[in-house]
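Quick notes on the structure that follows.
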Amino acid sequence: MTHSPLSPSYSPRHRWKVLAAGVAANAAFSVAFSGIPMTAVLMRTGYQLDNATLGLVLGLMGLGIAVSELPWGLLTDRWGDRPVLLTGLGSTAIALVAMALWAAPSGQHIPGLGWLAAGLLLVGLLGGSVNGASGRAVMTWFDASERGLAMSIRQTAVPLGGGIGALVLPFVALHFGFAALYGLLALLCALSALMSWAWVQEPPIAKGAPRAPTAAEAPKTGPLRDARVWRIVLGIGILCAPQFAVLSFGTVFLHDFGHAGLATITATMVFTQVGAMVMRVWSGRWTDRRRNRPAYLRACSALSVLLFAALAVLVMAAGTHTADSLALRIALVVLLGVSGVCVSAWHGVAYTELATLAGAARAGTALGMANTSVFLVCFVTPFSIPHLLALQGWPMVWLTASACALVAMPLLVPRPAAADQNVAKTALSRST
């Protein structure tokens, strides 16, 4: 990495500190938005909610993230990563402290639904800042040969935080209450803000003399006007629907249908998150070496179609006798966990493909677009599942998840731009 005389000198290893701060920021917020649904059974009891209201409440954080992602991404491209991370993480910590004070149930008082809903919506609005900012930092600090690995490591923060949430938050909520849970989440956000303050800076090359941009870094049109960017954004969002189905209602499924205990539910969700984390790192490195991101994305989509269809068939085969068959219960747990890993393994590769297509200078906007799509789906999915359950039960839920993966498959592979196609045709005609 070359250094400009107008910028401070950084060790080549500093990019890994920037990545670590980005992972910490995403993980801290992921403990909240992925971990709180792990307490769905306890939340349903503590706040005295039915399934429909529970689905609405769990979706509100995703709605807040969806609404704020694109503005945060635009601000990141304008202000830089550091100010956005510090503002977002600090304000999220304050919002969580407010929830601990006014939106946590106790033996003497159950807060109104409005307090819980407003609190989770606000946390989503503020916490959405971490996604685009940390992704842009990866694109500006790492070159093309390492971006897939670096972005996939950054994306491990989501299952890492979810795994921590699945392991810790149900225990905290059960034994110490939701006030302690929100307080713990606030502490994690504050600590990650300190890491961002210490390590996240603009790279020297961005502060010094300009260099000639490559085609990938200087697209002719911005992401908001690029049809190929919008295709991938839409595909990413749709393929997240099965993932959020597992994360938001997987615990309810295992409890209500699989008759699993808290330990089994926790172990399944931790396995899902850790497996996704490992697969994201492996897939980023593997696709960097083989340069086969589109093929990998197609394979993940196709396998997700098959796994969720198989889960639906298994549920139909189990019928109402799941509790009487240990073998079926084990099969349900294993298939749900494997399906959750598969449908979570592709994120780093897809985000790298998207950011590369948009260009490093516009990566914040492109990632904001993707995360808007993702978290709109995060809102719609838990809101829709109770209605699917009322319609045809759990088989309908998992068949719908399979259908979403099928629809996403062709969208995740970008079509070449018309100009690129014309160049290719011209080159081919000259060669013949």
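The values are calculated or read from the model by the stated rules, or taken from the named source; none is laboratory data. Because the structure is predicted, anything quoted here is derived from the model rather than measured. Using ideal geometry, Cβ is built from the backbone for each residue, glycine included, and neighbour counts are taken over all protein chains shown. Ligands, DNA and RNA are stripped out before the accessible areas are found, and what is left, the full protein with its side chains, is counted by its heavy atoms. Shrake-Rupley method; radii C 1.70, N 1.55, O 1.52, S 1.80 Å.
Angle check, please: helix 51-79 long axis (alpha carbons) against the longest principal axis of the chain (alpha carbons), in degrees 0 to 90, nearest 10. On a 0 to 90 degree scale, this one is about 20.
Length gain on complete extension for the stretch A310 to T264, per 0.36 nm per residue less the alpha carbon to alpha carbon distance? Provide the component values of the computation, followed by the final result.
On the way: separation 46, 0.36 × 46 = 16.56 nm, distance 2.10 nm.
So the chain would gain 14.5 nm between A310 and T264.
Listed values for the stretch 102-116 are Karplus-derived 3J(HN,Hα) couplings in whole Hz (6.51 cos²θ - 1.76 cosθ + 1.60, θ = phi - 60°), namely 10, 10, 9, x, 9, x, 9, 8, 10, x, x, 4, x, 5, 5, and x replaces Gly and Pro. The residues of the chain expose, per residue, 41 Å² of accessible area to a 1.4 Å probe. Dipole of the chain computed with +1 at Lys/Arg Cβ and -1 at Asp/Glu Cβ about the Cα centre; of F375, G114, H259, farthest Cα towards the positive end is F375.
Sort the following peptides by mean Cβ neighbour count (other Cβ atoms within 10 Å, averaged over residues), highest first: 41-51, 271-281.
Numbers: 41-51: 16.7, 271-281: 22.2.
Averaged packing, sorted descending, gives the order 271-281, 41-51.
Angle of helix 394-408 to the longest C-alpha principal axis of the chain, folded into 0 to 90 degrees and rounded to 10: 10°. Within the stretch 71-106, name every residue whose backbone N is under 15 Å away from a label modeled 7 Å from Cα of W197 along the Cβ vector. Hits in the stretch 71-106 for W197 at 15 Å: 82-94. With the helix formula -39500 (n - 2.57) applied to DSSP H stretches of n ≥ 4, the chain reaches a computed 222 nm mean residue ellipticity of -26000 deg cm²/dmol. For Cα extents along the principal axes in Å, the value calculated from this model appears in (i) 69, 58, 42; (ii) 68, 54, 32; (iii) 70, 47, 44 under label (ii).
Placing pseudo-labels 7 Å out from each Cα toward the beta carbon at H14 and T45 gives an inter-label distance of 5.2 nm. Against the main long axis of the alpha-carbon atoms of the chain, helix 129-141 sits at an angle near 30°. Panel values: the stretch 223-414, Kirkwood radius from alpha carbon pairs, Stokes-Einstein at 37 °C and 0.692 mPa s, translational diffusion coefficient 193 µm²/s.
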